[in-house]
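Only one structure is covered here, and it is reproduced in the block below.
The values are calculated or read from the model by the stated rules, or taken from the named source; none is laboratory data. Nothing here was measured: the structure is a model prediction, and the numbers come from that model. Here the Cβ is made from the backbone with ideal geometry for all residues, glycine too, and neighbour counts use every protein chain on show. Please note that ligands, DNA and RNA were not included when accessible areas were found on the heavy atoms of the full protein model with its side chains. Shrake-Rupley method; radii C 1.70, N 1.55, O 1.52, S 1.80 Å.
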Amino acid sequence: MANNTPTNNPFGIYIHWPYCRSKCPYCDFFSQVRKEIPQDKIINEYLEDLNFYANKTPKRTVTSVFFGGGTPSLITPNNIEKILHHISSLWPMAKKAEITLEANPNSEYPQMFQSLKQAGINRLSLGVQALNEKDLRFLGRTHTLQQALHAAENVLNTFDNHSIDIIYARPHQTQAQWQTELKEITQLGFKHLSLYQLTIEEGTLFAKKGIQPLEEEKAAHLYSFSQEYLASQGYEQYEVSNYAQKGYASKHNLIYWQGDDYIGIGPSAHGRLKLNNKFFATEHPRLFTELTPQERAEELLLMGLRLTQGINKEKFYQCCGLKFDEFIAPSQIKKLENLKLIKNKKQSIHATSKGFLVLNYLIRELCP
């Protein structure tokens, strides 16, 4: 399999570190809590996987690397540097490649953020999740508010590019409470905000305990308020859950949403590659599943409608080989336009603010 994707397209590498110090009750991602981790052995396996994918993707330039998890801030800086050095030996790196690592406030040790920066990280995503002690405990976070604020200060002083994760629409959360917290979040000064609505996923501790999410209508009000307030504070919404100051949208996450190629390294890591005019989903360990143009188109629809700019129809065609206006029934588009849920243009299609509130409905209606 050879890669014939244009070499100037974005190309990302996702490094998955599945290990955590504890399991959060809302988390349905693959993760493990282990006291002893053979870190060097695991990293060497990652390097071998990188070698494998490098042979499949010649002439590509890496535009982003993302260390996610799990808790990737538990990886030692020397192993992070080892991975990044190996990547740069296998592929050219874009001049302004975005290299992100997710960190928890309580995985901090003296000079941790400075050490991560020296290892090659240039964007830090801090998983705070709440800015009050009560909700931190409810969410199962093992850090305190003081630790969160201390870590936030260190991140802001160390990195020029940074993001913070917050979970909202917690049970019984009021708009007044969320307004106060959102104001505190913006005052911290992070360039990028990821605001995730709490959902109770099957198999999580919350689900087993019978925890109920905030009522749908109240959650929608919090979402709409967030949009309006963050816009007034200079944060542009570019995806359903993500807001950024100008020029600070996540390059790596845009790869997922816009349908570009990326590889996944590590347990539970997935990838998408176009090789020899065929489309593949990859998963650990080195497994390839060919996707039909129809299957790839459905993925692009699912991901692309999450963006405020929506789906570029020419890019859609490049990524799946199907023309958007032939893939989707015109009658369905017209129906959703009349409901003011989407705007359909010659070159693109996107959800309206009203449409974002019922995005799952839009996707169901548009999928053939």
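Annotations
- Counted by Cβ distance under 10 Å from GLU98, the other residues give a net charge of +3, where Lys and Arg count +1 and Asp and Glu count -1.
- Surrounding net charge for GLN245, when Lys and Arg each add one and Asp and Glu each subtract one, Cβ distance under 9 Å: +1
- Annotation: the antiparallel percentage among DSSP beta bridges lying fully within the chain is about 40.
- Taking all Cα pairs closer than 8 Å and separated by 6 or more residues, the relative contact order of the stretch 42-134 comes to 33 percent.
- Distance between the C-alpha centres of the stretch 154-182 and the stretch 191-216: 15 Å, rounded to the whole angstrom.
- Dividing the Cα radius of gyration of the stretch 75-191 by its Kirkwood radius returns 1.04 for Rg/Rh.
- Per atom type, the stretch 133-177 shows carbon and sulfur on 48% of its accessible surface, probed at 1.4 Å.
- When you restrict to C-alpha pairs under 8 Å that are six or more residues apart and normalise by the size of the stretch 246-349, the relative contact order lands at 19 percent.
- Average accessible area per residue (Å²) across the chain - probe 1.4 Å, nucleic acids and ligands excluded: 48 Å²
- Relative contact order (%) - the chain, alpha-carbon pairs under 8 angstrom, separation at least six: 16 percent
- Within the chain, longest stretch free of exposed GluC sites (Glu not before Pro) [DSSP loop, at most 14 other beta carbons within 10 Å]: 37-200
- The slack between ASN157 and LYS323, meaning 0.36 nm per residue of separation minus the straight C-alpha distance, is 55.1 nm.
- Per-pair calculated FRET efficiency, R0 = 51 Å: ASN338 and GLU184 via Cβ, rounded to 0.05: 0.80
- Residue-count net charge about ASN276 - beta-carbon cut-off 11 Å; Lys, Arg +1, Asp, Glu -1: +2
- Fully extending the segment from TYR229 to ASN55 would add 57.9 nm, taking 0.36 nm per residue of separation and subtracting the current Cα-Cα distance.
- Descending semi-axes in Å of the stretch 157-199, equivalent ellipsoid built from Cα gyration tensor: 23, 12, 6
- With the helix formula -39500 (n - 2.57) applied to DSSP H stretches of n ≥ 4, the chain reaches a computed 222 nm mean residue ellipticity of -12000 deg cm²/dmol.
- Note on GLU216 and LEU287: their simple-model spin labels are 3.4 nm apart, each label 7 Å out from Cα toward Cβ.
- Coil-residue trypsin sites (Lys or Arg not before Pro) of the stretch 202-290, DSSP, other Cβ within 10 Å capped at 12: LYS246, ARG286
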